[in-house]
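Read through the structure below, which is laid out as structure tokens, and then see the notes.
The values are calculated or read from the model by the stated rules, or taken from the named source; none is laboratory data. Model, not experiment: these values are computed from the prediction. Using ideal geometry, Cβ is built from the backbone for each residue, glycine included, and neighbour counts are taken over all protein chains shown.
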Amino acid sequence: MTFSGELLAFLCLALVAVIGGVLLLNLTKVVHMVVALVFTFISLAGIYVLLSAEFVAVVQVLIYSGAITIIMLFGIMLTRHNDTSEPKGGALKKIFLFLGVLGFGVAVYIGIYNLDFNPQATTLHENNTEQIGMALYSKYIIPFELTSVLLLVALIGAIILAKNDNKKEADKE
Amino acid sequence: MENAWIIPLFPLISFLFLLLFGRRLKENSGYVGMALTFLSLIYSLVVLFDRFNHPTYKAEATWLAIGDVQLTAGFEVNQLNALMLVIVSLVSFLVHTYSKGYMHGDDRFHIFYAYLGLFTFAMLGLVVSPNLLQTYIFWELVGVGSFLLIGFYFYKEEAKAAAKKAFIMTRIGDVGLLIGMILLFWQVGSFEYDAIFLAVEEGAISAGIITLTAILIFIGAVGKSGQFPLHTWLPDAMEGPTPVSALIHAATMVAAGVYLVAALFPLFTASETALMTVAVIGAFTAIFAASIGLVQTDIKRVLAYSTVSQLGYMMLALGSAGYVAGVFHLMTHAFFKALLFLAAGSVIHAVHTQNIEEMGGLWKKLRLTGPLFLIGTLAISGVPLFSGFFSKDEILIAAWTNGNPVLFWLAVIAAFFTAFYMFRLFFMVFTGQSRSEMKNVHESPKVMTVPMIVLGVLAVVAGYFNTPWFGTFLGDWLVEGNEALGHGHTEGPAWIMIVATLVSLLGIFLAWLMYGKKSLQRDWLSSRMPITYNMLYNKYYLDEFYALSVVKTTKGLSVLLSYIEAFVVEGIVKGVAGIVHGLGKTGSKIQSGQVQAYGTVAFVGLAVLVVVYVLAGGYLK
Amino acid sequence: MDLDTLLSFEWGAMAPEFIILGVATILSIVDLFAPKHLDRKIFGWIGFAGILLALASLINLVGLGPVSILYDTFRLDGFAKAFKILLLIGAALVMLLALSYKPKEGMEEYKGEFYYLLLAGLLGAMMMASSGDLITLFVGLELLSLSSYILAGIRKKHLPSNESAMKYVVNGGIATAFTLFGMSYVYGLTGTTNLIEMTNVLPNLANAQYIYILGIAFFMIFVGLSFKLATAPFHMWAPDVYQGAPTPVTAFLSVVSKTAGFVILIRILLTVFGNAFAGNSGVAAMTNFLVGMQDYIAFLAAATMIIGNVVALRQRNIKRVFAYSSIAHAGYLLVAVTAMSSFMFDALWFYLGAYLFMNVGAFAVIQLLTQHTDNEDIGVFAGLYKRAPWLAVAMGVFILSLAGIPGTAGFIGKLNIFIGALASEPAHYVLASVMIATTVISYFYYFGVLTQMFFRPAAEDEGEGGKIRVPVGLSIALVICVVATIVFGLFPNIALDFFHTNFEGFADFLQ
């Protein structure tokens, strides 16, 4: 492994992402959690850029850091935003979980450490967005269309769960 | 014979018909059941006579194909099947008839008949099965039928418990059967009896596997036939209606275990160890159950223990390579035990109690039941000229000639016990004074007595199909064309017959001394037989001696054995159940309802898998 | 790609999916504009008809050779057809259940939504069955999951229903993360999402490290998918969700969703991992990747069977009992997956089919008994035989079949799996023994229900509950289930012959 600027950037971004995640779990105020989440989102977007996936990076910023965070903040504003989550769970569970994380981490690390993929694609960054679009609307048209059904279902579900449904109101309409 | 498959269908039709229309038919359902089982009986007889002149018939069709494995379904009529068909359909028909009177007035009358039909169907189906798988299926179905019938009086807490116990205990045995069956299948590649025997004959299966499978299958038989240590369900099963006890827990279903061993006899003979196991378990059960029977006071429980003991006899016979003796005793036992149960039912019907301490002096009041019960008692005690004498004699000869004197003498002692407790029962119920207020004691209606008379006749004559005096037709016919089953008749030393007779007479005599004589002065018996009375009177000290030495010790022993049964055997069963329940408790405790916990378990599970993978694969450098 | 190429595909092969999609869309639009007072029950019948239509068109396609559309993002092979038949039948039966579902509170307003969400879930399940591309498979999986989450929580005013939906979503999210993570590794190793291409690439991977990563990917995908199957270690959500969700949804989860889970598992397992490293001499002990993994699957199968059956003993809530029973059945199915015998497909297909009928049937009865009172204690079965003998007999058949008593479809299914476990090389004796032992344990709780029905007197204060009226939809479902359970128990060859003649043992699985 050679030390390069790319590596440095990756390390910084990864560190921020991980710290954001850990903070999200450990902070007690909801708003703080969201901010921690934003850190993670943005550093992930940075990592996408490093991987020559500009389109995904932009989408990441747009959707996650932008839209989703905003909606979350709205949600917090409209509900009891003073809520603090209470730490729970026994020590035993935490130990198990820690060992699990450790074991899993080590196992994955063994796998990817010094992993070497010989042929590197060199044209990924050229017309990145166009390539994605081409694939999406030709080769992957079926899953793409299916995704629209998925979104429709999600929409309906959201309406069902969110709708204020008092019998009287329904009658009034 | 080509249409023998139709025999089990009649009771099935009865079952379905009564299930659908029984409610409307009310007590007329009895006639439907009777008519249809009668058809079965007639056809069974036709098949039996047909079988005398024709070779074994077998027909089957592919039922299920799994991969290259073809499983078949069909039916077979060989000697054993044909005989069993007649026994089952006959007893079933008689019990159907009898129940018409016994169950009179029960508001679930039609359901009772429907269940009887289901059971008879299953039992007949079991008997005609040409392969192990089909046998197993009907074997389970028989268990279901038995479960339903034992629990028929479900409003009684005991009946419910008994039904459950019976089902679970026999299932423990069934697991053994299933594993044995699968192992055999694995080795032979077929469930067909013929194919299995062929493979055994050709030595295609290793000796160890033969022994293992034979013993596993025997475990199934142990469960079904109430052999030690899985016998505890059978006495409890007496909570069912008495005709059910006669049909299922005396004549047919419990004999299925014996039948199974007989049907797979060539497999068992191929392994000394397996045969020995069968013989030892059988002999032990015979004496064990008989000794418990000595102290029981419930009329049906005495009979139940005697059933267990007699089944042990059959197993002993089979284990001693006495194929004919075992099957022969199965047949005679079916008749006289069914008779005894039906007669007991008639008694219960008359006096509305099952406690023999409360009975007595019924001989005069039950003019028909009394003598019939006596016939059954004589038959089971092995008194000469009655059927049980011949079949028991065969068993003793088989045990002796097989070269195991210990088992032989165990069987002899068990025979003594049998004679003793059966006559104790007889004397306590039918002679002496009534020990409690008995009102309205009257003989049962014709519909109940006629089946008993038929069985009474059979309990006498059934023995003559196979006697050393007039010829061994049954034995010769049973083993015809199949050397693997042994000889039709084995010559034994003449003294065995004498010993057997003496032993049973001794038992009867002792019982009479203790339970019959006690009331001699007051009873009519004393005045009619003064000579006997005086003779016995002079031997009073002997009487005391017997009472002290023999009876007291055996009584002590039987109490001890009852305790073993109550604490050790049941304890083990309960222990296993307890462990399972404990596991369940822990399992539901982890199930706390916390979402995080579920995710944690899943993730930790994944991590453990991966870590094990790393370690086992040697990837950790 | 121009229009001509697009039109050159055999879109007819997708007819069943189009029908389901069309019906769902139409229903949702009509629901929007239809007057408020219109009884949404009619939607259910339309949905039912749509499923039947899709089933008919699918059967019409049975004779067709394998069809591949757009680089296998949709493929219709024997495997897909066989399992889609099960999915459609299962969904049709669940629809019948849903039509008769009238809980005390909280469903009326969303009847319409309920039906088309069910159809959407079905569509997702069908896509999981007939695709040869990881992306489509994943989107199908998510479509099914998402629909299920909402369905589970559709009784908004019913607290347990809310709780169940919440738990389902959270756990589902974790599972999806696992699966996707695993899939991404596989993609990284092979550079493609197409399953067939992966099959061709993977055997050439010689690097031990790649194989190692493939192993980790395997575990992640397996554990992630075990969420859908409700097998260990991802089984714990099932009892809570099954209990809280509306009963038809519970039936849907335990039948359609589980079947879909097994379908996608088999598809990925056999195509991606099944061919890896066969005969690669460069790597030690790697004759076949899946053979190396058999022990792990076997362990999970055994754990699942034990947990499911043992914990079920302690339950009093009938839906929880059936949740654990459902876990246990998934364990039996995993035994077939472990064995990978030559007739694994037959065994799985038959068992899933048998399970479909007996389980939907059982849930139909449970639904009928619990919906009035909102009482889900096992005691609702008390004296059922007195109150409604036919219902009790039907339930008896289902219970016996679930317990694996001969004469029922459940027995044949277990027998298939069992023989498969012994007939494979090497034979899995231990696993087969565990299966038998746990089956015996299961008798205790199954017969507990039977005892309740036949041997317990009915509770005295049965006001309107005393007489049980069986709605039309439910009785159709019940009759179908009873008949199928018995017929396939007595004449299993009807189903197996159909299977063999039409799908030829899935010879086209890898083409």
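The figures follow:
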{"quantity": "Pair list, Cβ under 6 Å, 6 or more apart: region C:200-224 residue free of Cβ contacts under 8 Å to residues at least 60 places away in the same chain and over 19 Å from residue C:295 (Cβ atoms), other residue part of a helix (DSSP H, G or I) and among the small types (Gly, Ala, Ser)", "calculated": "C:213/A:111; C:224/C:175"}
{"quantity": "Qualifying position, being farther than 25 Å from residue B:117 by Cα and at pLDDT below 80, among B:269, B:277, B:232, B:211", "calculated": "B:232"}
{"quantity": "Count - residues of region B:191-232 that are assigned to a loop (DSSP other than H, G, I, E, B) and within 20 Å of residue B:249 (Cβ to Cβ)", "calculated": "8"}
{"quantity": "Region A:124-154, residues that are more than 13 Å from residue C:139 (Cα to Cα) and among the charged types (D, E, K, R)", "calculated": "A:126, A:130, A:139"}
{"quantity": "Residue tally, condition of a type in the set (Ser, Thr, Tyr) and either away from chain B (no Cβ under 11 Å) or closer than 15 Å to residue C:343 by Cα (or both), over region C:398-441", "calculated": "2"}
{"quantity": "From B:335, B:373, B:341, residue being among the aromatic types (Phe, Trp, Tyr) and closer than 23 Å to residue B:287 by Cβ", "calculated": "B:341"}
{"quantity": "Count - residues of region C:291-337 that are under 24 Å from residue B:604 (Cβ atoms) and either of a type in the set (Gly, Ala, Ser) or touching a Cys at 6+ places or on another chain (Cβ under 6 Å) (or both)", "calculated": "12"}
{"quantity": "From the options C:100, C:130, residue that is away from chain A (no Cβ under 14 Å), in contact with a helix residue (DSSP H, G or I) (Cβ under 6 Å, 6 or more places away or on another chain), crowded, with 20+ Cβ neighbours inside 10 Å and of a type in the set (Ser, Thr, Tyr)", "calculated": "C:100"}
{"quantity": "Residue check for residue C:408: touching a residue at least 24 places away in the same chain (Cβ under 8 Å) and more than 26 Å from residue B:139 (Cα to Cα)", "calculated": "no"}
{"quantity": "Among the candidates C:124, C:140, residue that is assigned to a helix (DSSP H, G or I), at the interface with another protein chain (Cβ under 7 Å from one of its Cβ atoms), crowded, with 24+ Cβ neighbours inside 10 Å and touching a Gly at 6+ places or on another chain (Cβ under 7 Å)", "calculated": "C:140"}
{"quantity": "Count of region C:127-137 residues which are outside any helix (DSSP H, G or I) and more than 15 Å from residue C:76 (Cα to Cα)", "calculated": "0"}
{"quantity": "Residue that is nearest to residue B:105 (Cα to Cα) [pool: residues in region B:126-158 that are of a type in the set (Ser, Thr, Tyr) and in contact (Cβ under 8 Å) with a residue 12 or more places away in the chain]", "calculated": "B:153"}
{"quantity": "Top-ranked residue in region B:88-118 [being assigned to a helix (DSSP H, G or I) and within 14 Å of chain C (Cβ to nearest Cβ); ranked as nearest to residue B:180 (Cα to Cα)]", "calculated": "B:118"}
{"quantity": "Test: residue in region B:169-190 that is more than 11 Å from chain C (Cβ to nearest Cβ), outside any helix (DSSP H, G or I) and not β-branched (Val, Ile, Thr)", "calculated": "yes"}
{"quantity": "Boolean, residue C:421 is surrounded by fewer than 22 Cβ atoms within 10 Å (Cβ to Cβ), on the phi < 0 side of the Ramachandran plot and in contact with a Phe, Trp or Tyr (Cβ under 9 Å, 6 or more places away or on another chain)", "calculated": "no"}
{"quantity": "Residue C:457 being in contact (Cβ under 8 Å) with a residue 60 or more places away in the chain, outside any helix (DSSP H, G or I), more than 25 Å from residue C:86 (Cα to Cα) and of a type outside the set (D, E, K, R)", "calculated": "yes"}
{"quantity": "Residue count, region C:363-397 (criterion: within 12 Å of chain B (Cβ to nearest Cβ) and small (Gly, Ala, Ser))", "calculated": "4"}
{"quantity": "Residues that are modelled with pLDDT of 80 or more and surrounded by fewer than 20 Cβ atoms within 10 Å (Cβ to Cβ), drawn from region C:453-492", "calculated": "C:470, C:471, C:472, C:475, C:476, C:479, C:480, C:483, C:486, C:487, C:490, C:491"}
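Rundown of residues vs (1) assigned to a loop (DSSP other than H, G, I, E, B); (2) charged (D, E, K, R); (3) more than 26 Å from residue B:282 (Cα to Cα); (4) modelled with pLDDT under 75, yes/no style:
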| position | (1), (2), (3), (4) |
| --- | --- |
| B:349 | no, no, yes, no |
| B:367 | yes, yes, yes, no |
| B:380 | no, no, no, no |
| B:395 | no, no, no, no |
| B:398 | no, no, no, no |
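Condition check ((1) buried (at least 21 other Cβ atoms within 10 Å of the Cβ); (2) out of contact with any helix residue (DSSP H, G or I) (no Cβ under 6 Å at 6 or more places or on another chain)) across all residues:
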position	(1), (2)
B:22	yes, no
B:39	no, no
B:47	yes, no
B:50	no, yes
B:58	no, yes
B:91	yes, no
